[in-house]
Amino acid sequence: MSTRFGRYNFTIDDSSPMITYDPVAAWIDDVAADRNLRSFFQSSYHVTNQASASASLTFTGTGISIIGSKANTHDTFEFRVDNQTITGLTGFAGANQFQAVLAQIKGLRFGSHT
C-alpha cells in the first residue's frame, strides 16, 4: 500500500534495541559456534526454547514481515499484531532455510502498531 509519502520497506535486525525480548534470560543470540551463522541476515539471530517467551516491536506502517530461519529443530509460534493473533505458524522445515518469511501481515491502517 502506498501513502502520500510513497512505498518504503525497512529492515530491523534482531539485534536492534527497537525489539524487546521477554524474559531476556530466555533468549540466546548469535551462537558463535553455529556453522550457519553467516547464512543469517547480518550474521545474527535470537533463539529461545521457552514457550512463554516473546519478542515485541512497535512500528509505523501498513504491514510487517517476520524473516527468519526454518529447520527440523524449530517449532510452532504465534504472531500478534494489534491484539490479533495468528496461530499455527511453524519454523519447521525438513532442510534448513535461511531468511525465509515466517509470518506476514499486510493491509493494516497506516499508523503505529505493536
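Do we find that LEU57 is aliphatic (A, V, I, L, M) and either touching a residue at least 40 places away in the same chain (Cβ under 8 Å) or closer than 18 Å to TYR8 by Cβ (or both) in this structure?
Working: aliphatic (A, V, I, L, M): yes; either touching a residue at least 40 places away in the same chain (Cβ under 8 Å) or closer than 18 Å to TYR8 by Cβ (or both): yes.
It is true that LEU57 is aliphatic (A, V, I, L, M) and either touching a residue at least 40 places away in the same chain (Cβ under 8 Å) or closer than 18 Å to TYR8 by Cβ (or both).
Are there any pairs with C-beta distances below 8 angstrom linking a residue in the range 24-38 that is more than 12 Å from THR48 (Cα to Cα) to a residue that is part of a loop (DSSP other than H, G, I, E, B) and at pLDDT below 85, with the two at least 6 apart or on different chains, and if so which?
LEU37/ASP30; LEU37/VAL31
Restricting the first residue to the range 90-102 and requiring it to be under 12 Å from THR73 (Cβ atoms) and open to solvent by less than 50 Å² (accessible area, probe 1.4 Å), which pairs with a second residue that is not in a strand (DSSP E or B) and not aromatic (Phe, Trp, Tyr) meet a Cβ separation below 9 Å and a spacing of at least six or different chains?
Final answer for the pair search is GLY91/THR73; GLY91/HIS74; GLY91/ASP75; ALA93/ASN72; ALA93/HIS74.
If you go through the range 54-75 one residue at a time, do you hit one that is modelled with pLDDT of 90 or more, among the acidic types (Asp, Glu) and out of contact with any Leu (no Cβ under 8 Å at 6 or more places or on another chain)? Give the derivation first.
Just the residues of the range 54-75 that are modelled with pLDDT of 90 or more, to begin with: 54-75.
Still in the list and also among the acidic types (Asp, Glu): 75.
Adding the requirement that they be out of contact with any Leu (no Cβ under 8 Å at 6 or more places or on another chain) leaves 75.
Yes, there is a match, as at least one residue in the range 54-75 is modelled with pLDDT of 90 or more, among the acidic types (Asp, Glu) and out of contact with any Leu (no Cβ under 8 Å at 6 or more places or on another chain).
Could you go through the range 68-78 and let me know if any residue there is in contact with a strand residue (DSSP E or B) (Cβ under 9 Å, 6 or more places away or on another chain), among the small types (Gly, Ala, Ser), open to solvent by 60 Å² or more (accessible area, probe 1.4 Å) and farther than 19 Å from SER15 by Cα.
Of the range 68-78, the ones in contact with a strand residue (DSSP E or B) (Cβ under 9 Å, 6 or more places away or on another chain) are 68-78.
Filter again for among the small types (Gly, Ala, Ser), leaving 68-69, 71.
Okay, now just the ones that are also open to solvent by 60 Å² or more (accessible area, probe 1.4 Å), so none.
So far as the range 68-78 goes, no, none of its residues is in contact with a strand residue (DSSP E or B) (Cβ under 9 Å, 6 or more places away or on another chain), among the small types (Gly, Ala, Ser), open to solvent by 60 Å² or more (accessible area, probe 1.4 Å) and farther than 19 Å from SER15 by Cα.
In this structure, does THR87 turn out to be closer than 22 Å to LEU37 by Cα, open to solvent by 50 Å² or more (accessible area, probe 1.4 Å) and either of a type in the set (Gly, Ala, Ser) or free of Cβ contacts under 8 Å to residues at least 40 places away in the same chain (or both)?
Spelling it out, it is not the case that THR87 is closer than 22 Å to LEU37 by Cα, open to solvent by 50 Å² or more (accessible area, probe 1.4 Å) and either of a type in the set (Gly, Ala, Ser) or free of Cβ contacts under 8 Å to residues at least 40 places away in the same chain (or both).
May I ask you to verify whether THR62 is surrounded by 15 or more Cβ atoms within 10 Å (Cβ to Cβ) and in contact with a strand residue (DSSP E or B) (Cβ under 9 Å, 6 or more places away or on another chain)? Before you say what the answer is, go through the steps one by one.
Details: surrounded by 15 or more Cβ atoms within 10 Å (Cβ to Cβ): yes; in contact with a strand residue (DSSP E or B) (Cβ under 9 Å, 6 or more places away or on another chain): yes.
Considered against the rule, which asks whether it is surrounded by 15 or more Cβ atoms within 10 Å (Cβ to Cβ) and in contact with a strand residue (DSSP E or B) (Cβ under 9 Å, 6 or more places away or on another chain), THR62 comes out as yes.
The values are calculated or read from the model by the stated rules, or taken from the named source; none is laboratory data. Only a predicted model underlies this, so the values are computations on that prediction, with no experimental measurement involved. Note that each Cβ is placed from the backbone with ideal geometry, even for glycine, and that neighbours are counted across all protein chains shown. Please note that ligands, DNA and RNA were not included when accessible areas were found on the heavy atoms of the full protein model with its side chains. Shrake-Rupley method; radii C 1.70, N 1.55, O 1.52, S 1.80 Å.
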